[in-house]
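To start, the structure itself, in structure tokens.
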Amino acid sequence: AAGRVLAQPIYAKRTQPPFNASSMDGYAVRAADTAAGVRLKLIGEAAAGRAFTGTVGPNETARIFTGAPVPDGADAVIMQEDVTREGDYAVLSAAVPAGTFVRRAGLDFEAGRPLLAAGTVLDFRSVSLAAAANHPTLPVVRRPRVAIIATGDELVLPGEVPGPDQIVASNGYGVAALVKRLGGEPMDLGIAPDDNGEIARRVTRALDAKADILVTLGGASVGDHDLVQATLGAQGLELGFWRIAMRPGKPLMFGRLGATRVLGLPGNPVSSLVCALLFLEPLLAVLAGRPGTGRALTEVALAAPIGANDQREDYVRATLESDGAGGVRARPFALQDSSMLSILASAHGLIVRPPHAKAAEAGEIVPFLPFD
């Protein structure tokens, strides 16, 4: 269950610890009997998993080890370093108050107590807690299935030899990584050439696999070789929206094919991945039961001037650097072409420029969307 999202709240099935337990190797005693130089009669031994079933009476003690139940009659534990053994007697070097080195029953949690809320992303701590509360299995949200189809005659797989007019497909790997990051299951349906039938066959595979989301890469515009929208329309696509006033990523499409959400990302690598951050990640977060886990805008100062913006919201790749006073500032890259993955890989995030934003000088505060 680690890494999965809890679908229902988890309650303790037992009390932990289920008994008063010793937190130290030593001797179980009655606090009222303890004082420096007191001799107590040794009447038994308690170890983890092997309780002493007798009762500690006046001027008596039982040897006890960490994790063992504190015997009836005893209300404290004196650690072994403060005791000298003389045959069947324990000689104390100090007095101890009641409760010393005793973990009371229910100290951690009691049966019936709520421990983990629905929507918790289960990590090493919460999985351990659920196990301690005696849950052998956990109800989790199903991982969203995301089918990914790259399109275009110009694409070949990494490792293949591109033709003189071809490039290596890259977007799908970044999209799949984002899907995994938010707990989804990517399904790589390969590269579809610019052919309606080939695209339709891959779409059918996605629907037959009951994909929650179908992501297409490229081909969502309306050029002569952009066939995705027409092919999906022939299969019953209910178009939600198409084209966004943003850069990079204008030719973005969203709709539904029955129960499957369809997200058509642009073909340019940077456009595709920036749009995946902005549109696919929050959709995946909701379907995976992780709303609110997406990236949050922050504000940083500019390290260099930036020009005025046009009518589209602009997402400018930038690095973060120290401002010399314990803070950070964002430095935009001079080149922002949507084909340049090397700049995206070097960036720490995106400066967000609203439509018609005026030119900004170094030191001005701007919205910033971090990658990490």
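How far is the Cα center of the stretch 1-45 from the Cα center of the stretch 268-283, in Å?
52
Cα axis of helix 171-181 to longest principal axis of the chain: angle in degrees, 0 to 90, nearest 10?
20
If I compute log10 I(q)/I(0) by the Debye sum over Cα atoms at q = 0.08, 0.10, 0.12 Å⁻¹ from the structure I just sent, which labelled value in [x] -0.51, -0.80, -1.13; [y] -0.45, -0.68, -0.93; [z] -0.63, -0.76, -0.92 lines up?
Read-out taken from this structure: [z].
Placing +1 on the Cβ of each Lys and Arg and -1 on the Cβ of each Asp and Glu in the chain, which of A46, Y173, P370 has its Cα farthest towards the positive end of the resulting dipole?
It is A46, whose Cα lies furthest towards the positive end.
Would you mind giving the average projected area, over all directions, of the Cα convex hull of the stretch 7-132 in nm² with one decimal?
8.4
Using packing as a proxy for protection, rank 202-208, 154-160 so that the peptide with the highest average count of other Cβ atoms within 10 Å comes first. Each step should come with its number before you reach the end.
Working: 202-208: 17.9, 154-160: 13.4.
Descending packing order for the listed peptides: 202-208, 154-160.
What is the gain in length, in nm to one decimal, between R256 and Q8 on full extension, counting 0.36 nm per residue of separation less the C-alpha to C-alpha distance?
86.5 nm
Tilt of helix 196-208 relative to the longest C-alpha principal axis of the chain, in degrees (0 to 90, nearest 10)?
Tilt relative to the chain: about 20 degrees.
Charges only on Cβ, +1 for Lys and Arg, -1 for Asp and Glu: so what's the dipole of the stretch 179-258 about the Cα centre, in debye to the nearest 20?
So the magnitude is around 360 debye.
Would you work out the charge dipole size for the chain about its Cα centre, treating the Cβ of every Lys and Arg as +1 and the Cβ of every Asp and Glu as -1, and quote it to the nearest 20 debye?
960
What is the mean projected area of the alpha carbon convex hull for the stretch 159-298, to one decimal in square nanometres?
For the stretch 159-298, the mean projected area of the Cα convex hull comes to 9.4 nm².
I want the local charge near V366. Using Cβ-Cβ distances under 15 Å, sum +1 for each Lys or Arg and -1 for each Asp or Glu among the other residues.
-2
How would you rank 62-74, 109-121, highest first, on the average number of other Cβ atoms within 10 Å across their residues?
62-74, 109-121
Going by a ≥ b ≥ c, the root eigenvalues of the Cα gyration tensor, does the stretch 116-167 fall in the rounded group (a/c under 1.5), the prolate group (a/b larger than b/c) or the oblate group?
prolate
How large, in percent, is the carbon and sulfur part of the accessible surface of the chain at a probe radius of 1.4 Å?
Reported share for carbon and sulfur atoms: 53 percent.
Among W242, A304, A31, whose Cα sits farthest toward the positive end of the charge dipole of the chain (+1 at Cβ of Lys/Arg, -1 at Cβ of Asp/Glu, about the Cα centre)?
A31
Would you mind telling me which residue in A177, A318, A288 has the biggest mean-square fluctuation in a Gaussian network model of the chain, where springs connect alpha carbons within a distance under 10 angstrom?
A177
Please calculate how many Å² of accessible area the stretch 1-85 carries per residue, with a 1.4 Å probe and no DNA, RNA or ligand atoms counted.
Solvent-accessible surface per residue comes out at 47 Å².
Within 10 Å, count the other beta carbons around each residue, average over each peptide in 97-106, 181-190, and list them highest first.
Packing order, densest peptide first, comes out as 181-190, 97-106.
The values are calculated or read from the model by the stated rules, or taken from the named source; none is laboratory data. Everything quoted here is computed from the prediction, not taken from an experiment. Please note: Cβ atoms are built from the backbone with ideal geometry, for glycine as well, and neighbour counts cover all protein chains shown. To get the accessible areas, we keep the full protein, side chains included, count just its heavy atoms, and leave off ligands, DNA and RNA. Shrake-Rupley method; radii C 1.70, N 1.55, O 1.52, S 1.80 Å.
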